[in-house]
Amino acid sequence: DQQVKQNSPSLSVQEGRISILNCDYTNSMFDYFLWYKKYPAEGPTFLISISSIKDKNEDGRFTVFLNKSAKHLSLHIVPSQPGDSAVYFCAACGDSGYALNFGKGTSLLVTP
Amino acid sequence: DAMVIQNPRYQVTQFGKPVTLSCSQTLNHNVMYWYQQKSSQAPKLLFHYYDKDFNNEADTPDNFQSRRPNTSFCFLDIRSPGLGDAAMYLCATSVAFGSRGQPQHFGDGTRLSIL
């Protein structure tokens, strides 16, 4: 039972434009959300997170928005760069405080 | 650089032949995790160690075991691998649970193939 869903398997964006990656979740007990980035042949690396007490968190070119009522979060990358091309995983953390529930990932391609 | 190292990167074993994957960390993190990721699927948590305390996820098959002899090392043992166990196995670490949602630091994974 997939509690974290990334419904777009892939996304292609031109360099310099905005990339928007979406994530939906079903478990209302989730209260901490994280985005990971994964290059081929490497493990996922932590990118940015947000607590459920916030609706926005920003770190340089990366911003995560959380809409708790819609159980939806999104990652915005502005401006997109070719080096951002990777698979992006959304993950959510609930009662346990540690166990991460991952989505299946969205493969982002940023073209020059 | 502090990191999480998984060996080997690629492992091939025969159907039913026990196999052990290893993970080491220089981050000195209390918590170590093992995930299974099948092709185009989400990483799925198998179990984790909080220091020496072992915590199994409810749906982790009995075929999967783990050992953590010290803070730095953690092993994943698959007692009788089946074809369905072919996957990428990811090891991760994090600091203790003190604050919620601590980011986990991942190794580069071991890709397991079953013949």
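Just so it is clear, none of the values below were taken in a lab; they were calculated from the coordinates. Predicted, not measured: the structure shown is a model, and the values here were computed from it. Note that each Cβ is placed from the backbone with ideal geometry, even for glycine, and that neighbours are counted across all protein chains shown.
Can you pull the one-decimal nm distance between simple spin-label points at A:Glu15 and A:Asp95, each 7 Å off the Cα toward Cβ?
4.9 nm
Which value, in debye to the nearest 20, gives the size of the charge dipole of the protein assembly as shown about its Cα centre, when Lys and Arg are +1 and Asp and Glu are -1 at the Cβ? The partial results should precede the final answer.
Values: 20 positive and 19 negative charges, 48 e Å.
Using Cβ point charges on Lys, Arg, Asp and Glu, the protein assembly as shown gives about 240 debye.
Output the pairs from A:Lys38/A:Lys68; A:Lys68/B:Lys52; A:Lys56/B:Lys52; A:Lys54/B:Lys52; B:Lys17/B:Lys44 with a Cα-Cα distance over 31 Å in this structure; if there are none, say none. Don't skip to the end; give the middle numbers.
On the way: A:Lys38/A:Lys68 26 Å; A:Lys68/B:Lys52 36 Å; A:Lys56/B:Lys52 37 Å; A:Lys54/B:Lys52 34 Å; B:Lys17/B:Lys44 23 Å.
Too far apart for the 31 Å limit: A:Lys68/B:Lys52; A:Lys56/B:Lys52; A:Lys54/B:Lys52.
Please compute the average number of Cβ atoms from other chains found within 10 Å of each residue's Cβ in peptide B:41-48.
Details: counts 4, 14, 12, 2, 6, 0, 0, 3.
Average neighbour count from other chains, rounded to a whole number: 5.
Label points 7 Å out from Cα along the Cβ direction at B:Ser80 and B:Lys38: separation in nm?
Here the modelled spin labels are 2.0 nm apart.
Quick one: dipole size for chain B, taken about the Cα centre, charges +1 on Lys/Arg Cβ and -1 on Asp/Glu Cβ, in debye to the nearest 20. Mind dumping the intermediate values first?
Values: 10 positive and 9 negative charges, 33 e Å.
In total the dipole reaches around 160 debye.
Take the Cα pairs of the range A:24-78, get the Kirkwood Rh, then feed it into Stokes-Einstein at 20 °C and 1.002 mPa s and tell me D in µm²/s. Don't skip to the answer; put the middle values down first.
Values: Rh = 11.9 Å.
The Stokes-Einstein estimate is 180 µm²/s.
Could you tell me the calculated FRET efficiency between B:Leu115 and A:Glu42, based on Cβ-Cβ distance and R0 = 45 angstrom, to the nearest 0.05?
Values: r = 26 Å, r/R0 = 0.57.
E between B:Leu115 and A:Glu42, to the nearest 0.05, is 0.95.
Looking at the range B:8-71, I'd like the Rg to Rh ratio, where Rg is from alpha-carbon atoms and Rh is Kirkwood's inverse mean 1/r.
0.96
In vacuo Debye scattering of chain A, one point per C-alpha: log10 I(q)/I(0) at q = 0.16, 0.18 Å⁻¹?
-0.66, -0.84
Quick one: putting +1 on the C-beta of Lys and Arg, -1 on the C-beta of Asp and Glu, what dipole do you get for the range A:4-111 around its Cα centre, in Debye to the nearest 20?
Details: 10 positive and 9 negative charges, 34 e Å.
That gives the range A:4-111 a dipole magnitude of about 160 debye.
What order do you get for A:His72, B:His48 when you list them from fewest to most C-beta neighbours inside 10 Å?
Numbers: A:His72 14, B:His48 25.
Ascending number of Cβ neighbours within 10 Å: A:His72, B:His48.
Just to check, using Stokes-Einstein with a Kirkwood Rh over alpha carbon pairs, what's the diffusion coefficient of the protein assembly as shown at 37 °C and 0.692 mPa s in µm²/s?
On the way: Rh = 18.1 Å.
Taking Rh from Cα pairs, D becomes 182 µm²/s.
Wrap a convex hull around the Cα atoms of the range B:57-115, take a quarter of its surface area, and give that in square nanometres.
Numbers: hull surface 21.1 nm².
Value for the range B:57-115: 5.3 nm².
When DSSP assigns beta bridges and you keep just the ones with both residues in the range B:4-114, what percent turn out antiparallel, to the nearest 5?
Numbers: 36 of 40 bridges.
Counting DSSP beta bridges with both partners in the range B:4-114, the antiparallel share is about 90 percent.
When you take every Cα atom in the range B:4-114, what is the radius of gyration, and what is Dmax, the widest Cα pair distance, in Å?
13.2, 42
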